[in-house]
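The values are calculated or read from the model by the stated rules, or taken from the named source; none is laboratory data. Because the structure is predicted, anything quoted here is derived from the model rather than measured. Here the Cβ positions follow ideal geometry from the backbone for every residue, glycine too, while neighbour counts run over all protein chains shown. Note: accessible area is taken over every heavy atom of the protein model, side chains too, but ligands, DNA and RNA are not part of it. Shrake-Rupley method; radii C 1.70, N 1.55, O 1.52, S 1.80 Å.
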Amino acid sequence: MSEIAFLGEPESGSPRPFSAATVAGGLVFVSGHSAPHDPARGVHRGETPAEEVRNALGRIAEILAEAGSGLDRVVQMTMLITDPADYAACNAEYVRHFPNGLPARHTARFGVPTAARVAFSCIALAGRGA
């Protein structure tokens, strides 16, 4: 077995040249993800910053589950926001997803060619723990 496992690798020629996550050294490294958005299938990011946080962390949780981990195993989180005015609303929703303790975090302003207001990446312990 390889020392590194790549999850959700992109198709050849994808405009997103990165895997959804990488598992290595007992850790899961999740790439930056905003809330899913596919209007053709009726999937929308959310109307408010809080809804976008909820939906983006839901996507992060799905990726972690695929890697055999979970939000409760996150040790470091990066929150990327487009508008500092959304910071308080994003934080108010964010803390609800970590009832057993808040992982280390840093926040940065970002700009990508989407309408996303918030995105997250993280590092988590692999496995389900004790």
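Brief remarks on what is shown
- Pair ALA24, THR48: separation of 7 Å Cα→Cβ label points (nm): 4.0 nm
- Each Cα pair under 8 Å and six or more residues apart adds its separation to the average, and for the chain the resulting relative contact order is 31 percent.
- Other residues whose C-beta falls under 9 angstrom from the C-beta of ARG117 contribute a net charge of -2, scoring Lys and Arg +1 and Asp and Glu -1.
- Taking a point 7 Å from the Cα of TYR87 along the Cα-to-Cβ direction, the residues of the stretch 99-130 with backbone N closer than 14 Å to it are 106-110.
- Computed FRET value (nearest 0.05) for ILE4 with ALA65, which takes r as the C-beta separation and R₀ as 30 Å: 0.95
- Fluctuation leader among ASP83, ASP72, ASP38 - the chain, Gaussian network, Cα springs under 10 angstrom: ASP38
- Accessible surface for the chain, divided over its residues, is 56 Å² per residue with a 1.4 Å probe.
- In the chain, the calculated helix contribution to ellipticity at 222 nm averages -6500 deg cm²/dmol per residue, counting -39,500 (n - 2.57) for every DSSP H run with n ≥ 4.
- Volume per residue of the convex hull around the Cα atoms, evaluated for the chain, comes out as 122 Å³.
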